[in-house]
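Colleague: Questions regarding the structure given below will be posed in turn.
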Amino acid sequence: MTIAQEQGTVPQVVPVEIGKARGGPTDKSTLRTDRWWVSPAVTVTVLTSFVAYATFAAFQGKDYYVGAKMHRNLISPFYSPCIAESCQRVAGSHPLGIWASFWNFSPALLILIVPLGFRLTCYYYRKAYYRSFWQSPPACGVADGHKNYTGETRFPLILHNVHRYFLYLALLFNVVLTMDAILAFDFPGQGIGFSVGTLVLCVNAALLWIYSVSCHACRHICGGQINEFSKHRIRYRLWKMITPLNERHMQLAWVSLIFVALSDLYVRLVASGIIHDYKIF
Amino acid sequence: MTEVTMNIWRGDSNGGNFEQYKLERVEGEVVLDVVHRIQATLAPDLACRWNCKAGKCGSCSAEIDGKPSLMCMTRMDTLPNDTITITPMKTFPIIKDLVTDVSFNYVMARQIPPFTPGKPQPDGTYRMQQVDIDRAQEFHKCIECFLCQDVCHVIRDHEVNKLYYAGPRFFVKLASLEMHPLDTVDRRALMREYLGLGFCNITKCCTEVCPEHIKITDNAIIPLKERVVDASYDPIAWLGRKIRRKSKMTAQEAYELAPARVAPTSLDGIPATAVED
């Protein structure tokens, strides 16, 4: 019972006053003198480059798989799980055994919604693109680029609340990408081995796992939602393990994003015969 | 000895402008020391709020070269320019010079249902494990300097949102209450419907300016947003509640426990659009 209730007083109606004069100059968007624009500019450059490359790679619909002809088993992460009917030539491409016979376009376009949705709704990327692309705000203490603002209270931005469902799907994708990395140890006609391509797919899968697990929604589901850690020791330990990763979520977001593009590029260059996948052993 | 020019905004609710004060730099000074020297030598009528000079009272909040900061914790030798601009906090109404009226925050504080423990142990005491309250210790470091409220663009650049938005400082408060092992009030619907948690677009400026280095966004706001997802947007969580026959508190029920209600709000039938931005 609150003090007001104990005393039998009706909760007071207290006004928030707005429209009063504020101090400081009104004619400038910011008084900051440092290079606050560098960070949003870098974000715009890197994200735009990634989107441009990913669009090119996704629409190509070829050179995404290095197969038995080259004694390799490498598939681009942009195309995995490869579930379009045209993927059936990809040996062991995915464990699901589902083939989308209706799909006549690039196989990547069928599945990229999951990693795209996961990153688009990610709490870190939200900060990055709200600041850099949407200018809301471009930097701290710099005026918002929009006259009106409703945040994530309305459609479409309220859809960010589905982030945890994209996380569940992304974890499934990570399982598939891990299997791809394991299959990359198989060199058709030459037995088991290890090449630069194998290393690339292994590092890519590892980075995607760490990035996904470090996600704020994952931290919440694993233990953050609990108030009494002492009664949930295992979930508390999970939460404790994820917390230091979560502190590096931004770095992991960037590293995994860049590496997934580099992995696709590597597979693409090998598949198109431009470079040879060097076998280490 | 080098010279520094302090460009300080002087004025009140009727308007104002910048005035320049040239002083010698003295080694080891913080911005508040220089403001005090100006008061002592050049402008005895310069108004500024201060108290502890140790970064613990949260009184001397201002904007130094456009960045919300505590004047007592900003060393002069960390500021690269020879001209330093000081303005009052932009989000709050001006009183005089560097002093603002921060009563918005006290109004908001009264919208939050306070700590409400359940039944005590048979011996009349309450007990909890250290591990259960460790997480909330970080939130208790808050010195209420309101720099996070000042920098938050939701109310800094869109004043009309002050009617519907508690702000980062109070999300920290709400997180400490929601995560408390003994608390029994469910404030999730209240946060979503009336305290404006959805307005936050997690751009982390509150975390950047916090002098106590509280990770406001990562440790308070995002966990609260996830709890709101549990309560309002997650069908699996909804199904879980139905199966376990667990109910959640409505926003109205939680609001009844708060010391006061804000007015006007959408609750009073006044739409947000009725107020000009």
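Colleague: Filtering region A:146-162 down to residues that are facing another protein chain (nearest Cβ under 8 Å) and assigned to a helix (DSSP H, G or I), which residue is nearest to B:Asp65 (Cα to Cα)?
Modeller: Looking at the filtered set, the residue picked out is A:Leu157.
Colleague: Which of the residues spanning region B:2-19 are at negative phi and free of Cβ contacts under 8 Å to residues at least 40 places away in the same chain?
Modeller: Residues satisfying the conditions are B:Asn14, B:Asn17, B:Glu19.
Colleague: Next question. So, B:Arg169, is that one surrounded by 19 or more Cβ atoms within 10 Å (Cβ to Cβ), more than 9 Å from every other protein chain (Cβ to nearest Cβ), under 26 Å from B:Thr250 (Cβ atoms) and in contact with a Cys (Cβ under 9 Å, 6 or more places away or on another chain) or not? So that I can check it myself, show each step before the final result.
Modeller: Details: surrounded by 19 or more Cβ atoms within 10 Å (Cβ to Cβ): yes; more than 9 Å from every other protein chain (Cβ to nearest Cβ): yes; under 26 Å from B:Thr250 (Cβ atoms): yes; in contact with a Cys (Cβ under 9 Å, 6 or more places away or on another chain): yes.
So B:Arg169 passes the test.
Colleague: Could I ask something else about it? Does region B:175-193 include one or more residues that are touching a strand residue (DSSP E or B) at 6+ places or on another chain (Cβ under 7 Å) and either within 23 Å of A:Ala128 (Cβ to Cβ) or among the acidic types (Asp, Glu) (or both)?
Modeller: Going through region B:175-193, the residues touching a strand residue (DSSP E or B) at 6+ places or on another chain (Cβ under 7 Å) turn out to be B:177, B:182-184.
Okay, now just the ones that are also either within 23 Å of A:Ala128 (Cβ to Cβ) or among the acidic types (Asp, Glu) (or both), so B:183.
Looking through region B:175-193, at least one residue is touching a strand residue (DSSP E or B) at 6+ places or on another chain (Cβ under 7 Å) and either within 23 Å of A:Ala128 (Cβ to Cβ) or among the acidic types (Asp, Glu) (or both).
Colleague: Further, regarding this structure: Looking at region B:171-185 only, could you name the residues that are in a loop (DSSP other than H, G, I, E, B) and hydrophobic (A, V, I, L, M, F, W, C)? Even if it seems obvious, please write down each step before you answer.
Modeller: Keep residues of region B:171-185 that are in a loop (DSSP other than H, G, I, E, B), which gives B:179-182, B:184-185.
Selection gives B:Met179, B:Leu182, B:Val185.
Colleague: Still on this model: Within region B:159-170, can one find any residue that is outside any helix (DSSP H, G or I), closer than 26 Å to A:Arg32 by Cβ and not assigned by TED's automatic domain parsing to the domain that holds B:Thr87? Talk me through it step by step, then tell me what you get.
Modeller: Of all residues in region B:159-170, those outside any helix (DSSP H, G or I) come to B:164-167.
Subsequent filtering for residues that are closer than 26 Å to A:Arg32 by Cβ retains B:165, B:167.
Restricting the remaining residues to those that are not assigned by TED's automatic domain parsing to the domain that holds B:Thr87 gives B:165, B:167.
Checked region B:159-170: at least one residue is outside any helix (DSSP H, G or I), closer than 26 Å to A:Arg32 by Cβ and not assigned by TED's automatic domain parsing to the domain that holds B:Thr87.
Colleague: Can you confirm whether B:Leu79 is of a type outside the set (Lys, Arg), over 30 Å from B:Ala166 (Cα atoms), in contact with an Asp or Glu (Cβ under 7 Å, 6 or more places away or on another chain) and more than 8 Å from chain A (Cβ to nearest Cβ)? Steps first, answer last, please.
Modeller: Numbers: of a type outside the set (Lys, Arg): yes; over 30 Å from B:Ala166 (Cα atoms): yes; in contact with an Asp or Glu (Cβ under 7 Å, 6 or more places away or on another chain): yes; more than 8 Å from chain A (Cβ to nearest Cβ): yes.
Against the criterion (of a type outside the set (Lys, Arg), over 30 Å from B:Ala166 (Cα atoms), in contact with an Asp or Glu (Cβ under 7 Å, 6 or more places away or on another chain) and more than 8 Å from chain A (Cβ to nearest Cβ)), B:Leu79 qualifies.
Colleague: In region A:225-249, which residues are more than 20 Å from B:Arg227 (Cβ to Cβ) and crowded, with 16+ Cβ neighbours inside 10 Å?
Modeller: Result: A:Leu245, single match.
Colleague: Scan region B:61-95 for residues that are over 19 Å from B:Lys22 (Cα atoms), touching a residue at least 60 places away in the same chain (Cβ under 8 Å) and not charged (D, E, K, R) and report the count.
Modeller: 11
Colleague: Let me ask something additional. Among the residues of region A:12-40, how many are more than 9 Å from chain B (Cβ to nearest Cβ) and surrounded by fewer than 13 Cβ atoms within 10 Å (Cβ to Cβ)?
Modeller: Going through region A:12-40 one residue at a time, the tally reaches 4.
Colleague: Sort out which residues of region B:118-156 are more than 14 Å from chain A (Cβ to nearest Cβ) and of a type in the set (Ser, Thr, Tyr), and write them in order of number.
Modeller: B:Thr125
Colleague: Next question, about the same structure. What is the number of the single condition among (1) facing chain A (nearest Cβ under 9 Å); (2) over 26 Å from B:Thr217 (Cβ atoms); (3) at pLDDT below 95 that B:Leu98 does not meet?
Modeller: It is condition (3) that B:Leu98 fails.
Colleague: I need the full set of residues from region B:116-150 which are of a type in the set (Asp, Glu) and part of a loop (DSSP other than H, G, I, E, B), in order please. Before the answer, list the steps.
Modeller: Filtering region B:116-150 down to residues of a type in the set (Asp, Glu) leaves B:123, B:132, B:134, B:138, B:144, B:150.
Hits for region B:116-150 are B:Asp123, B:Glu138, B:Glu144.
Colleague: Could you tell me whether B:Ala260 is modelled with pLDDT under 95, touching a Leu at 6+ places or on another chain (Cβ under 9 Å) and farther than 30 Å from B:Cys72 by Cα?
Modeller: On the way: modelled with pLDDT under 95: yes; touching a Leu at 6+ places or on another chain (Cβ under 9 Å): no; farther than 30 Å from B:Cys72 by Cα: yes.
Taking the combined requirement at face value, the residue does not satisfy it.
Colleague: In region A:95-145, what count of residues is obtained for those that are of a type outside the set (A, V, I, L, M) and facing chain B (nearest Cβ under 8 Å)?
Modeller: Filtering region A:95-145 for residues of a type outside the set (A, V, I, L, M) gives A:95, A:97, A:99, A:101-107, A:115, A:117-119, A:121-127, A:129-138, A:140-141, A:144-145.
Then drop every residue that is not facing chain B (nearest Cβ under 8 Å), which leaves A:123, A:126-127, A:130-131, A:136-137, A:140-141, A:144.
Number of matching residues: 10.
Colleague: When B:Ile112 is evaluated against the numbered criteria (1) facing chain A (nearest Cβ under 8 Å); (2) of a type in the set (A, V, I, L, M, F, W, C); (3) more than 12 Å from the chain's Cα centre (by Cα); (4) farther than 29 Å from A:Ile242 by Cα, which criterion, by number, is the only one it fails?
Modeller: All conditions are met except number (1).
Colleague: How many residues are touching a helix residue (DSSP H, G or I) at 6+ places or on another chain (Cβ under 9 Å) and either surrounded by 15 or more Cβ atoms within 10 Å (Cβ to Cβ) or modelled with pLDDT of 80 or more (or both) if we restrict to region A:70-99?
Modeller: 20
The values are calculated or read from the model by the stated rules, or taken from the named source; none is laboratory data. Because the structure is predicted, anything quoted here is derived from the model rather than measured. In this analysis, Cβ positions are derived from the backbone assuming ideal geometry, glycine residues included, and neighbour counts consider all displayed protein chains.
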